[in-house]
Every structure is written in C-alpha cells, then in structure tokens.
Amino acid sequence: MAELKNQSINMNDATLIAGRCRLYGIQVSAASKTLDLPTDPTDSTITLTNGSSGGDILFKFSIQSGNASGGYGFVMPIPFMFGNNWILFDSGIYVNQMTSATAGAGSLDRDLVQLSVFYEGA
C-alpha cells in the first residue's frame with residue numbers, strides 16, 4: 001500500500017485535491033452554535049465529485065443529528081474509512097461547499113465543520 005495523505009478542509013469553501021486520487025476515507029467533525037443540530041439533511045450534506053463541482057458524484061453523506069452538549073451541540077467525529085477498498089477520482093477530489101451557511105434552528109454553521117480527507121495520489 002502506498003503512503004496515504006491527509007488534507008483538512010473547512011466546509012465554508014469548496015476545495016480541489018488535484019490529480020488522480022484514490023479516496024481511502026474521510027472524517028468529519030462539527031459543532032453548532034445553537035442547541036439544535038441538523039434536522040434537514042440538505043442543510044448538512046457534504047458531496048465529493050470527480051474533478052469539479054459539475055463532476056460525477058462519487059461520495060455523498062449528510063451529518064447526522066445528535067444531542068446538545070453545554071451551550072453547543074456537537075457531532076464529533078464521524079469516520080468513513082473504506083479499509084482495503086477505495087474510490088477512484090480520475091480528475092481529482094472536489095469537495096463542494098456545504099449547503100448551510102449560518103447556524104439556525106436545525107442547521108449547522110459550515111464554518112464549524114471540518115473534514116479530513118485520507119487519499120493516495122496527487
């Protein structure tokens with residue numbers, strides 16, 4: 001197995017990991033400024049596409065709702081590790097900006113969502 005790389009991405013911005021890559025896994029952590037965590041999956045969806053925002057969707061998930069803790073609600077961490085498997089991104093891994101922009105009832109502040117991408121290549 002080749003050496004894996006890791007890139008940390010804030011979900012407030014779209015990011016491209018350029019070049020042919022094999023995705024081996026991701027881990028996401030999130031916090032909410034309100035006591036409400038996501039109730040609508042479209043406000044907490046992270047999409048990885050092949051090479052650009054218009055590329056084929058190769059991996060997509062929504063951050064689950066959870067319990068509040070203190071003055072903040074937390075969902076930490078959520079791992080998706082593929083073991084001996086991987087997903088091939090021929091044109092690079094494009095991480096689309098998360099849908100929700102600001103925290104409100106039932107949504108996440110994308111500034112507080114951090115994604116770690118584990119990959120080989122590029």
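Laid out as a table, the results:
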{"quantity": "Selection from the range 1-20 of residues that are modelled with pLDDT of 90 or more and open to solvent by less than 20 Å² (accessible area, probe 1.4 Å)", "calculated": "I9, I17"}
{"quantity": "Filter pass, S62 being buried (at least 18 other Cβ atoms within 10 Å of the Cβ) and at pLDDT below 90", "calculated": "no"}
{"quantity": "The range 78-89 residues that are over 13 Å from Y119 (Cβ atoms) and free of Cβ contacts under 8 Å to residues at least 60 places away in the same chain, paired with ones that are open to solvent by less than 50 Å² (accessible area, probe 1.4 Å) and assigned to a loop (DSSP other than H, G, I, E, B) (beta carbon under 7 Å, 6 or more apart)", "calculated": "I78/I63"}
{"quantity": "The listed residue being at pLDDT 85 or above, aliphatic (A, V, I, L, M) and surrounded by 20 or more Cβ atoms within 10 Å (Cβ to Cβ), out of L23, L108, L37, L88", "calculated": "L23"}
{"quantity": "Top-ranked residue in the range 41-52 [being closer than 21 Å to F80 by Cβ and open to solvent by 30 Å² or more (accessible area, probe 1.4 Å); ranked as modelled with the lowest pLDDT]", "calculated": "P41"}
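The values are calculated or read from the model by the stated rules, or taken from the named source; none is laboratory data. Computed from a prediction, not measured in an experiment: that's the story for all the values here. Here Cβ is always computed from backbone atoms with ideal geometry, including for glycine, and neighbour counts include all displayed protein chains. We work out accessible area using only protein heavy atoms, side chains counted, and drop any ligands, DNA or RNA first. Shrake-Rupley method; radii C 1.70, N 1.55, O 1.52, S 1.80 Å.
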